[in-house]
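Notes to accompany the following structure.
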Amino acid sequence: MQIREKVLISELVTMRLGGEARYVIEVESAEEVPEAYAFAREKNLPVWVMGGGANTIGYDEGYDGVIILNKIKGVEVLDESDNSLVLKGMGGEVWDDFVKYACEKGYSGIEAMSAIPGTLGAAPVQNIGAYGQEVAQVIESVEAYDTKEGKFVTMRKPEMEMQYRRSRFNHGEDRGRFFITSVTVKLYKGEMQQPFYNSLQKYIDEHGETDFSPENIRRMVTEIRADKLPDPEKVASAGSFFKNITLSKDEADIAEEGGIPLHRNANGEGKVNSGWLIEECGLKGKTMQGIRVSDKAALVLINESAKSYADLAAARAEIVGAVAEKYGFVLEQEPVEIK
Ligand code: EPU
């Protein structure tokens, strides 16, 4: 267990904002997790758990507490039959390495979530998703340290209460209660089912693709993302900065009458692309207080030269205000803030 003192949060998160954290602990095995919490308890400090920092923003005043970084590694095949694979990975594994492993073995279920930055342990927390797949569709269980009861637990999917970008781990009274040490998914031999998500279909049409094997979908998605989304190694960003807007059937009917394009699910509920709303407000490519609305995907904010959280907050207020004024929708932030 490695303990560091006074570490800049801006060096831990891809958005590169945030002052000093009092302590940062890297845990490399499940056994070290209770030890890290005990350290925080002894010092009477709160704990914040982080994976790759790809969806996290720090405040200028930093964090007067202990940030625990999940560095627990390992991938294990629990069961492999003719048509399915049950794969368990430790929480500190790089998400995309896990996806690559599954695709190379020829299994489908997470290939459309290729090239998403971050760790495996963080994936169920916000129920990551892309191009028609989401973690909720394949997850079987997680192993976690329950900080309330002080013991390790195995939690199965129904207990995780997963919704769009939301779960028991980041919502409600159990938010922050569980430290996820491993994630188990079940994948199938075969291919993604059509119809494909529209931006993926567009790529398929333009390139005349006919091979929909997990490895080839992975290649396509990686290419689409490289083209549209900033590489966190080179550009400071937290990916999609706003959530898309989910509407009940009645709300969707009203929005549609008002001329707002939306996607409906089988129950008639709708989803409005927040990127479209931002673009329609004329903000795509615009820079405010050193924060740029990506000119390739308006949902993505890039930290070009923002000096502080206050700069980000000012840019955010301008975007949220413009969309609210024109369309009456209040955009919700996707990345979490360390507090
Ligand atoms: N659109 C615009 N203008 C834009 C961007 C998008 O009009 O600048 C409209 C277009 O109609 C486009 C549609 O929005 O066809 C969908 O755009 P895209 O496929 O880029 O997806 P998104 O809704 O912007 C979501 C996820 C992404 C995920 C993609 C692909 C959220 C908050 N974001 O973005 O996830 O990669 O779909 O499935 O749900 C992330 O969460 O960090 C993230 C990158």
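Miscellaneous remarks
- Peptides 50-62, 115-127 ordered by average Cβ neighbours within 10 Å, highest first: 115-127, 50-62
- Cα Rg, Dmax (largest Cα-Cα span) when computed across the chain, Å: 20.2, 61
- For G52, distant residues with modelled amide H under 5 Å away: T119
- Under Karplus coefficients 6.51, -1.76 and 1.60, residue-wise ³J(HN,Hα) of the range 129-137 in Hz, glycine/proline x: x, 6, 6, x, 10, 9, 4, 4, 6
- Sites listed here are GluC sites (Glu not before Pro) in the range 133-204 whose DSSP assignment is loop and whose Cβ has at most 13 other Cβ atoms within 10 Å: E149.
- Most mobile of I68, I302, I245 in a GNM of the chain (Cα contacts under 10 Å): I245
- Lys/Arg +1, Asp/Glu -1 at C-beta; the chain dipole; positive extreme among C281, S108, G58: G58
- Sequence-distant residues sharing a close amide H with G190 (under 5 Å, placed H): S108
- Once the Cβ-Cβ distance of D205 and F152 is raised to the sixth power relative to R0 = 51 Å, the FRET efficiency obtained is 0.60.
- Loop trypsin sites (Lys or Arg not before Pro), the range 214-252 (other Cβ atoms within 10 Å of the site Cβ: 14 or fewer; DSSP): K234
- Long pairs among K186/K243; K202/K296; K189/K228; K71/K296, criterion Cα-Cα beyond 24 Å: K186/K243; K189/K228; K71/K296
- Coil-residue trypsin sites (Lys or Arg not before Pro) of the range 37-83, DSSP, other Cβ within 10 Å capped at 12: K43
- Within the shell defined by Cβ-Cβ distances under 14 Å, the residues around L229 carry a net charge of -2, with Lys and Arg each +1 and Asp and Glu each -1.
- Taking amide H as placed 1.01 Å from N in the peptide plane, the amide H of I57 sits under 5 Å from that of V336, E337, I338, each at least 5 places away or on another chain.
- Once divided by 2.2 N^0.38 Å, the Cα radius of gyration of the range 182-339 becomes 1.18.
- Among A238, A310, A144: highest mean-square fluctuation, GNM of the chain, C-alpha pairs under 10 Å: A310
- Inter-centroid distance (Cα atoms) of the range 237-274 relative to the range 276-332, Å: 19 Å
- For the chain, with +1 on Lys and Arg beta carbons and -1 on Asp and Glu, the positive-most of L301, N216, V24 along the dipole: V24
- Contact order, relative form, for the chain: 16 percent (alpha carbon pairs under 8 Å, 6 or more residues apart, mean separation divided by residue count).
- Cα centre as origin, Lys/Arg/Asp/Glu Cβ charges: the chain dipole, Debye: 460 debye
- Measuring nothing but how far apart in sequence close Cα pairs (under 8 Å, 6+ apart) lie, relative to its length, the range 30-119 scores a relative contact order of 24 percent.
- Note on Q193 and E76: the model spin-label points, each 7 Å out from Cα along the C-beta direction, lie 3.2 nm apart.
- Restraint check, K234/K326; K286/K326; K43/K339, Cα-Cα greater than 25 Å: K234/K326
A short reminder: the numbers here are calculations on the coordinates, not readings from a lab. On a predicted model such as this, the values are computed, not experimentally measured, just so you know. Ideal geometry is used to build each Cβ from the backbone, glycine not excepted, and the neighbour counts take in all protein chains shown.
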